[in-house]
Amino acid sequence: MSDSPTSKALPSRPRDAKSIESWSEESEVIVVGLGVAGGAAAIEAARTGADTLVLERATRGGGATALSEGTIYFGGGTRVQKATGFDDSIENMTTHVRAAAGPTSDPEKVRLYCENSLDHFDFFCSVGVEFKDTYYEEKVIFPPTDDCLIYSGNEEAHPFSEESPPVPRGHKPRREGSAGGYIIECMIETLSDLGVRIQNETRVETLVRDESGRIVGVVAIVDGEERAIRATRGVILTTGGFIMNKEMVRHYAPDLAKCNYPIGSEGCDGSGIRMGLGVGGAAINMHEGLMTTPYFPPTSHIQGVLVNQQGQRFINEDCYHGRVTGSVMQKAEGRAYLIVDDSIYGKTMVPYKMAAVEETIGELEKALEMPEGQLVHTLTTYNEDAERGDDRLFHKAPKYLKPLVDAPFAALDLSVDRSLWAAFTLGGLDTKSTGEVLTVDGEIVPGLYAAGRASAGLTRSGRYYASGMSIGGSSFFGRLAGRTAASATQG
């Protein structure tokens, strides 16, 4: 939790407005952080008519979104869904997102996101993001091509497939490979067209609060000097999560601390969350995050069998990779192997350690030091079910069922301490759907708003997650925060 060497400010200690001798500049709305949430907030604030200033600590901006594959979760019958022959509805989307957002999700945020999904798709089109009217059929983390639509979560997997008809909703912009940086560049160009001022290499250190408790500005480091910048309508925190702050992760989310690869930008250090806490905001869902170790592609690995150290299955292998990883941590105590045979083994995007390779399942069981007969029993039962096309225990989809009978047999080590596990946080400031930061008593902190991973947003559990819900939710609720702040009474 180190602070800037050029400032004595702590994020959790707001400045009293009376102590500010002079304001270096003023804006109606100040947005802190230029990721997808900050970009969306600033665009919406400017379109609402507010003078808007974006303060970004990096030289260009982008946040975690710029490092991502760029998938966005839309549904309800988008242009791409219709063009590729998929029939979706707001009701169907809502049923799935209600589950995918997790058991601690905010029902109002889920409802608003789904009911406004088509409008949100149009918002991205309005800032210049292009989507190709194509569907990528193979189960992947994201399309390596410029194709758009994919199944990006658990839509086709049990039990989600029984709760609502499966429909693909992951929309990746029309770029080969990752497209997160492209989204940010489209937003920056739009902000320029709108006349929004973007001040890079400006590190916001803390908030400024007046005697009534209203947030009226920020203290930032600019060119090595501390400056106070006034906001007459509101400050919007879109500073990212806290995965880069090891102390915060160990304190709030110890399971995430076990993962060896943090997903985020340098700015995901929890500073925005700490600023909100310092002025009475509540932080919720802080123990949650997404953990992943992507064992596919190749898609053939989904035909493999995941087992714990006792040689027992614990999850259907066709689930979203984040759900599988969460189950490894919670149900298998962080230790798991993917059992494959010679016919389905392929090189994965992650270089997993080959824990053992043997000619029989019995020999593999012994090499892995599992209880005698347990892995043999597990594979015997699985192979019988695969022959029938019916996974009676975990209900893996029939198209991924294949008896593992082609020697040799291998065990890929997916354990948290022996392979690459990545993680990001899903907890943050408690907010209304319109972006106002709330106290532990549910009261509004006047003048303060938050969106993106600085807040507890749309999706709140990696075990139910779908790719695209972070960018989708962060940008959508960033828009609402920008609109609300721009319409606030001037302080």
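Taken along its three principal axes, the alpha carbon spread of the stretch 223-350 comes to 64, 27, 26 Å, from the longest extent down to the shortest. In a shell of Cβ-Cβ distance under 13 Å around Asn116, excluding Asn116 itself, what net charge do Lys and Arg (+1) and Asp and Glu (-1) give? Charge balance in the 13 Å sphere: -1.
Local charge for Val440 was computed over the other residues whose Cβ lies under 15 Å away, with Lys and Arg +1 and Asp and Glu -1, and equals -3. When the listed pairs Lys82/Lys172; Lys258/Lys331; Lys109/Lys432; Lys347/Lys396 are checked against a 20 Å cut-off, the alpha-carbon distance exceeds it for Lys347/Lys396. Here the stretch 294-413 was treated as a single set of alpha-carbon atoms; its pair distances binned every 5 Å from 0 give 2, 12, 24, 27, 23, 11, 1 percent.
Between Glu91 and Val405, the modelled label-to-label distance comes to 4.5 nm, taking each label 7 Å out from Cα in the direction of the beta carbon. The alpha-carbon of Lys402 sits under 18 angstrom from the alpha-carbons of these lysines, leaving out residues fewer than 8 places away in its chain: Lys139. What whole-number distance in Å separates the alpha-carbon centres of the stretch 136-152 and the stretch 339-402? So the separation of the two Cα centres works out to 26 Å. Take every DSSP beta bridge whose two residues both sit in the chain; close to 65 percent of them are antiparallel. For the chain, dividing the convex hull volume of the Cα atoms by the residue count gives 131 Å³ per residue. Spatially, the stretch 420-491 and the stretch 230-257 are offset by 11 Å when compared through their Cα centroids. Sort out the exposed loop trypsin sites (Lys or Arg not before Pro) in the chain (DSSP loop, at most 12 other Cβ within 10 Å) and tell me the longest stretch that has none. That would be 9-346.
Taking each DSSP H run with n ≥ 4 as -39500 (n - 2.57) and averaging over every residue of the chain yields -8000 deg cm²/dmol at 222 nm.
Read-outs: derived from the displayed coordinates by stated rules, not from any lab. Keep in mind that what you see is a predicted model, and the values were worked out from it rather than measured. FYI the Cβ positions are ideal-geometry reconstructions off the backbone, even for glycines, and counts take in every protein chain you see.
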